[in-house]
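Shown next, in structure tokens, is the structure this report addresses.
Just so it is clear, none of the values below were taken in a lab; they were calculated from the coordinates. None of the values given here were measured: they were computed from a predicted structure. Virtual Cβ from ideal backbone geometry, glycine too; neighbours counted across all protein chains shown.
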Amino acid sequence: MNPVIKLLLEGGSLSTAQMAQVLNLTEADVNRELEQLKKDGILLGWRPVLNLADEAGAVRAVIEVRITPERGGGFNRLAERISRFDEVESCYLMSGGYDLLVFVSGSTLQKVAAFVSEKLSSIEGVLSTATHFLLRSYKEQGFLLDVKTEENDRLKVAP
Amino acid sequence: MDTSRFIAKHVINLPKSGIRDFFEVVAKMKDVISLGIGEPDFDTPWHIREAAIYALEKGKTHYTSNLGLIELRREISKYVEKNFHASYNPENEILVTVGVSEAIDIATRALINPGDKVMFHQPCYVSYHPSITLAHGEAVPVPTYAKDNFALTAEALRAAWQPGCKLLMLNLPCNPTGGTCSRAQIEAIAKFAIEKDLLVLSDEIYSELTFEGEHVSIASIPGMKERTIFLHGFSKAFAMTGWRIGYACGPAPLIEAMMKVHQYSMMCASIISQEGAVEALQRGEDGMKAMREQYHRRRDYIVRRLNEIGLKCHMPRGSFYAFPDVSVTGMSEKDFAVGLLQAERVAIVPGSAFGPNGTGFCRACFATSYEQLIEASTRIERYVQSLRT
């Protein structure tokens with residue numbers, strides 16, 4: 001795997017200048033790699049991973065959606081149409097008892113419920129939805145929440 | 001055979017849009033950052049597009065009432081009441097049009113007798129003067145000035161007024177200057193309109209994009225609703241420029257007159273656009289506020305940079321245009337715009353395309369990404385510095 005992607009996946013927050021130091025490249029090289037990754041559709045964008053549990057107005061839900069596949073397109077057209085809504089954070093095609101797994105967020109429970117009933121369920125081809133509201137997050141995108149870190153009392157010098 | 005002899009005289013004399021000419025040149029160049037397109041860079045929010053798609057799927061493909069879908073007119077009535085403090089009856093005081101552009105066209109055709117005088121403030125959008133000409137009216141331009149941040153003052157109106165003036169066209173916030181009026185200034189204009197018995201045609205298309213203070217609609221001033229036709233639409237606030245959908249609100253007899261013209265020339269606005277518009281008014285407020293916040297940030301950035309570069313630019317209280325004064329460079333606004341385009345491939349529009357009081361200024365539209373704005377300012381700075389050496 002590309003060394004730049006590997007470094008990105010580690011989840012540290014290095015600047016491009018720091019990445020260049022670590023990888024022994026020039027900053028221009030690193031930027032060029034990132035541009036190429038963007039062009040190839042591998043690097044889609046940057047999002048900070050935030051713990052918004054204390055913020056008012058971050059209601060999240062996971063919806064299991066069953067849809068009918070279409071001739072010539074399978075699930076793609078419907079999945080794309082659903083994915084384009086701003087409320088939809090992620091949308092995946094899954095094996096098992098339902099077809100699409102849709103992660104949705106909104107500022108209130110009513111808004112999320114309204115989205116499901118008015119926008120999602122009414123699309124032609126959507127057979128059923130099962131909405132599950134998120135109560136508490138323990139781990140977010142590789143980062144543990146609310147876990148106390150032990151004080152690091154490693155010896156300064158050890159034989 | 002020379003077919004142009006068939007063209008009507010008043011159309012031959014109509015000038016081609018100054019903006020379009022300039023942009024023919026730009027279109028041929030590569031890698032240009034254009035700050036000249038007067039429309040949002042955002043696509044229409046998906047939920048609005050999806051509502052229109054859904055309408056098509058359900059078979060909504062037929063003519064609507066000339067006045068527009070009653071559901072849309074009801075939403076418009078609620079929206080205008082809530083945001084502009086003027087109440088209009090959806091049954092007979094609201095007309096859905098093919099963009100505000102059509103509303104202006106049918107209003108001028110419905111209201112102007114040949115020779116009637118129509119006042120309008122300039123610099124202004126390129127279609128106002130031509131619409132007056134096309135309706136065989138006489139245009140009476142009113143200057144606006146940088147010292148007032150291009151607000152329209154009652155003093156300027158009074159100075160420009162002539163006997164025979166029937167209509168006053170307003171565009172606040174204004175394209176291209178970004179100027180708009182305070183409540184006191186609007187009240188003064190209203191007082192003048194009442195005194196001179198003028199009918200006001202108020203194009204408020206940029207009103208949601210007011211960044212500081214309140215937007216005051218002249219239709220909400222006591223005594224004005226009976227002599228105002230309020231025009232608004234969806235193009236800028238909801239990023240629906242290509243949908244061609246707008247509306248006129250006014251006293252029933254005037255709407256009826258406009259409807260007469262509209263029913264023969266258009267029949268009705270596109271049903272799909274009307275369906276999208278209903279969705280925009282019902283659920284589009286959050287999306288609109290998010291876009292406005294972006295424009296606000298971009299405005300603050302570009303105005304600061306232009307002033308830093310040495311091009312004096314007032315802070316536009318509304319719209320998404322900055323109107324910097326380029327005369328400090330010693331060049332005409334046309335030469336500056338052409339020079340900037342050729343040397344640095346940044347396109348801005350010479351202010352003279354919008355009226356004589358635009359001379360010395362250029363219009364820069366900041367409805368584009370941060371990256372483009374940052375790069376454009378760098379290039380403009382380089383160009384201005386090169387002129388000094």
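For region A:81-96: of the residues being assigned to a loop (DSSP other than H, G, I, E, B) and more than 9 Å from chain B (Cβ to nearest Cβ), which is farthest from B:Pro45 (Cα to Cα)?
Filtering region A:81-96 for residues that are assigned to a loop (DSSP other than H, G, I, E, B) and more than 9 Å from chain B (Cβ to nearest Cβ), the one farthest from B:Pro45 (Cα to Cα) comes out as A:Gly96.
Which one of the conditions (1) aliphatic (A, V, I, L, M); (2) within 14 Å of another protein chain (Cβ to nearest Cβ); (3) surrounded by 15 or more Cβ atoms within 10 Å (Cβ to Cβ) does B:Ala257 fail to meet, given that it meets all the rest?
Tallying (1) aliphatic (A, V, I, L, M); (2) within 14 Å of another protein chain (Cβ to nearest Cβ); (3) surrounded by 15 or more Cβ atoms within 10 Å (Cβ to Cβ), B:Ala257 fails exactly one: (2).
Would you please name the residue that is surrounded by the fewest Cβ atoms within 10 Å (Cβ to Cβ), looking only at residues in region B:34-58 that are within 12 Å of chain A (Cβ to nearest Cβ) and part of a loop (DSSP other than H, G, I, E, B)?
Per the stated criteria, the residue is B:Lys58.
Look at region B:218-263 and say how many of its residues are in a helix (DSSP H, G or I), within 18 Å of B:Val200 (Cβ to Cβ) and among the hydroxyl-bearing types (Ser, Thr, Tyr).
Within region B:218-263, residues that are in a helix (DSSP H, G or I), within 18 Å of B:Val200 (Cβ to Cβ) and among the hydroxyl-bearing types (Ser, Thr, Tyr) number 1.
Considering each residue of region B:85-127, count those that are touching a helix residue (DSSP H, G or I) at 6+ places or on another chain (Cβ under 7 Å), in a helix (DSSP H, G or I) and buried (at least 23 other Cβ atoms within 10 Å of the Cβ), and give that number.
Here the count works out to 5.
Which residue, of A:Thr68, A:Thr16, is surrounded by 13 or more Cβ atoms within 10 Å (Cβ to Cβ), more than 20 Å from the chain's Cα centre (by Cα) and among the hydroxyl-bearing types (Ser, Thr, Tyr)?
Working: A:Thr68 fails: surrounded by 13 or more Cβ atoms within 10 Å (Cβ to Cβ).
Only one candidate passes the filter, namely A:Thr16.
If you scan region B:168-209, which residues turn out to be free of Cβ contacts under 8 Å to residues at least 60 places away in the same chain and part of a loop (DSSP other than H, G, I, E, B)?
Matches in region B:168-209: B:Cys181, B:Ser182, B:Lys196, B:Asp197.
Give the residue, chosen from A:Asn51, A:Asn76, that is away from chain B (no Cβ under 14 Å), in contact (Cβ under 8 Å) with a residue 24 or more places away in the chain and of a type in the set (S, T, N, Q).
Residue meeting the stated conditions: A:Asn51.
Check region B:172-189 and report whether any residue there is buried (at least 18 other Cβ atoms within 10 Å of the Cβ) and more than 26 Å from B:Phe361 (Cα to Cα).
yes
Filter region A:118-134 for residues that are more than 14 Å from chain B (Cβ to nearest Cβ) and either of a type in the set (Gly, Ala, Ser) or in a strand (DSSP E or B) (or both) and give the result.
A:Leu127, A:Ser128, A:Thr129, A:Ala130, A:Thr131, A:His132, A:Phe133
Among the candidates A:Asp54, A:Asp40, which residue alone is within 25 Å of A:Ala79 (Cβ to Cβ) and not small (Gly, Ala, Ser)?
A:Asp40
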